[in-house]
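What follows is a short report on a single structure.
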Amino acid sequence: ASLDQIGKVDSTLHAFLETDEKKIYDRVKEVESGIKTGKYTGPLAGVPVAVKDNICTRDRKTTCASRILENFVPPYDAEAVRRMEDAGMIVIGKTNMDEFAMGSTSETSAYGITRNPWDTDKVPGGSSGGSCAAVAADEVFAALGSDTGGSIRQPAAYCGVVGIKPTYGTVSRYGLIAYASSLDQIGPVGKDVSDCAALLETVAGYDPKDSTSVMRKDLQFTGYLKKDLRGMKIGIPREYLAEGLEKDVKRALVDAVHLMTRNGAIVEFFSLGLVDYVIPAYYIIASAEASSNLARFDGVKYGYRTEVFEGLHHMYKRTRAEGFGEEVKRRILLGSFVLSSGYYDAYYLKALKVKAMIKKAFDQAFVKYDMLLAPAAPSTAPKVGSSLSEPLNMYLSDIYTAGVNLAGLPAISVPCGRDSSGMPVGLQFIGDCFQEKKIIQAAYAYE
Ligand code: GLN
């Protein structure tokens, strides 16, 4: 059924970069017999799932939607993929994304754009646009995405599906091709909160192969699927309702607040502070880490290598010039600049200090509130072709999501109505570290 649906809609949407039918049918047979023999007993056995193309899949291409990894076939599975396979899930294919997860529209892919299933003239958001479009269009039941500054939550909002960015350290980053390692987290995308909770439960857990993995005992997220908001204290950062927020998104947020207070939640406005510094700090840190992480793509060990060159340095230069797209090059340049001597203190170090202050501001908020409520993005999905020429405006649209990554917090994006043109609006619940249970319960009670 999943392949049928892909056959019907994916030539238009282009959510997938790869669906290998032979591998899928082999895997289906394996799972069928595994279910019979009792190898796979859980509720997710046999469920088709998609995987963002920056997450390694053994013997299946993993390109990060970049030319530089055009023919890269990893010899191992990411830990999150391994856990899904252990649960008997069937990886249907790899999903399109912004190149190396840098972008907010899925238009920076080297392999063509993905379209929003609700209006194919619009983008699905990004960078996990393929994963979110695939779930929204019923091509798969769920998918894995990655979120460095909003890349699960924002496309989930644009596509009218649910997405979770877990607390940093909850899902192993082993096999996730690094963008900004101190911010990257893998997370689930699903049709509803319970599907996301079930998938998160499957992929979360300590992994010694990731040095930032956290040992947690509270990973039974499906136990918190309760329709109960009574007594929950929810704060809305006043700054989030300032200029830049589209009228329809604001209205949807206000409607959601009324619904939640009617159901027993206590919702208040408060001042979070430092909100203007989120985007500059995020883009300095993310670009700095990216410039370092992407240094490994040099045409020597794996991936693309230029054909004509004279000597090693020329080979590096041409390989990277030909292999990386514009947005990736912009980030590498920006990142190398803020890390260079003379600018390191003024930019990178300063951004790290701001990051620590932002974390403190959130910590203070969680003394008073169980969770925070925010839009997922300032607007609904923009038209294809309207964002890329204005990178700064595109960066500004991460205002409600990137702070969560800087502070390492968990957050969930859930659909909350439509704008006047019928496009989905997303609402975000932000929790304190390790409080996925609270935001999962609130989002489930709300949806
Ligand atoms: N839009 C942000 C960026 O381009 C977020 C990307 C992400 O979370 N991977 O960096």
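The values are calculated or read from the model by the stated rules, or taken from the named source; none is laboratory data. Predicted model only: the values in this text are computed from it and were never measured. Cβ atoms come from the backbone with ideal geometry, glycine included; neighbour counts cover every protein chain shown.
Residue under question is G129, and the condition is that it be buried (at least 20 other Cβ atoms within 10 Å of the Cβ), at pLDDT 95 or above, within 16 Å of the ligand (Cβ to nearest atom) and closer than 24 Å to E201 by Cα; does it hold? It is true that G129 is buried (at least 20 other Cβ atoms within 10 Å of the Cβ), at pLDDT 95 or above, within 16 Å of the ligand (Cβ to nearest atom) and closer than 24 Å to E201 by Cα. All conditions but one from (1) within 30 Å of E447 (Cβ to Cβ); (2) touching a residue at least 24 places away in the same chain (Cβ under 8 Å) apply to V254; the one that does not is (2). Within the stretch 95-119, take every residue that is more than 16 Å from the ligand (Cβ to nearest atom) and in contact with a Leu (Cβ under 7 Å, 6 or more places away or on another chain) and give me the one that is nearest to P415 (Cα to Cα). That would be P117.
Select from the stretch 204-226 the residues that are among the acidic types (D, E) and within 12 Å of S172 (Cβ to Cβ) and write down the one among them that is surrounded by the fewest Cβ atoms within 10 Å (Cβ to Cβ). My answer is D210. Using the structure shown, decide if L373 is within 15 Å of the ligand (Cβ to nearest atom), surrounded by 16 or more Cβ atoms within 10 Å (Cβ to Cβ) and within 23 Å of Y168 (Cβ to Cβ). When the stated conditions are applied, L373 does not pass them. Evaluation of D138 against the conditions (1) of a type outside the set (S, T, N, Q); (2) surrounded by fewer than 24 Cβ atoms within 10 Å (Cβ to Cβ); (3) assigned to a strand (DSSP E or B) shows that the sole unmet condition is (3). The residue pairs whose first member lies in the stretch 332-348 and is touching a residue at least 60 places away in the same chain (Cβ under 8 Å), whose second member is buried (at least 19 other Cβ atoms within 10 Å of the Cβ) and not hydroxyl-bearing (S, T, Y), and whose beta carbons are closer than 8 Å, counting only pairs six or more residues apart or on different chains, are Y347/I284; Y347/V338; Y348/I284; Y348/I285; Y348/A288; Y348/V338. Flag: L333 matches the condition of being under 29 Å from M394 (Cβ atoms), within 16 Å of the ligand (Cβ to nearest atom), of a type outside the set (V, I, T) and out of contact with any helix residue (DSSP H, G or I) (no Cβ under 6 Å at 6 or more places or on another chain).
Close Cβ contacts (under 6 Å, 6 or more residues apart or on different chains) running from residues in the stretch 106-131 that are within 16 Å of E18 (Cα to Cα) and among the aromatic types (F, W, Y) to residues that are more than 16 Å from the ligand (Cβ to nearest atom) and at pLDDT 95 or above comprise Y111/L17.
Would you pick out the residues in the stretch 181-212 that are closer than 21 Å to I439 by Cβ, of a type in the set (G, A, S) and away from the ligand (no atom under 16 Å from the Cβ)? Passing the criteria: G190, S194, A197, A198, A204, G205.
All told, L229 meets the bar of being modelled with pLDDT of 95 or more, farther than 24 Å from G149 by Cβ and outside any helix (DSSP H, G or I). The residue of the stretch 395-443 that is nearest to the ligand (Cβ to nearest atom), among those that are touching a Phe, Trp or Tyr at 6+ places or on another chain (Cβ under 7 Å) and of a type in the set (V, I, T), is I412. Looking at the stretch 1-119, the helices (runs of 4 or more DSSP H) lying wholly inside it that each contain 1 or more residues that are surrounded by 20 or more Cβ atoms within 10 Å (Cβ to Cβ), hydrophobic (A, V, I, L, M, F, W, C) and out of contact with any Gly (no Cβ under 9 Å at 6 or more places or on another chain) sit at 79-86. The number of residues in the stretch 274-326 being within 16 Å of the ligand (Cβ to nearest atom), surrounded by fewer than 18 Cβ atoms within 10 Å (Cβ to Cβ) and of a type outside the set (S, T, Y) comes to 2.
Residue pairs whose Cβ atoms lie under 7 Å apart, separated by 6 or more positions or on different chains, with the first residue in the stretch 42-59 and farther than 12 Å from S146 by Cα and the second in a strand (DSSP E or B) and among the hydroxyl-bearing types (S, T, Y), are A50/T95. Listed by first and then second residue, the pairs linking a residue in the stretch 261-281 that is under 15 Å from K353 (Cα atoms) to a residue that is assigned to a helix (DSSP H, G or I) and of a type outside the set (A, V, I, L, M), with Cβ atoms under 6 Å apart and 6 or more places separating them unless they lie on different chains, are V275/E239; V278/G403; I279/Y395; A281/K355. The residues of the stretch 417-447 that are small (G, A, S), farther than 14 Å from A376 by Cα and surrounded by fewer than 20 Cβ atoms within 10 Å (Cβ to Cβ), listed by number, are S420, S421, G422. Take A142 and tell me if it is of a type outside the set (D, E, K, R), at pLDDT 95 or above, away from the ligand (no atom under 14 Å from the Cβ) and more than 17 Å from K23 (Cα to Cα). Judged against the criteria, A142 is a match. Looking across the stretch 147-180 at every residue that is within 9 Å of the ligand (Cβ to nearest atom) and assigned to a helix (DSSP H, G or I), the one that is surrounded by the fewest Cβ atoms within 10 Å (Cβ to Cβ) is identified as Q154.
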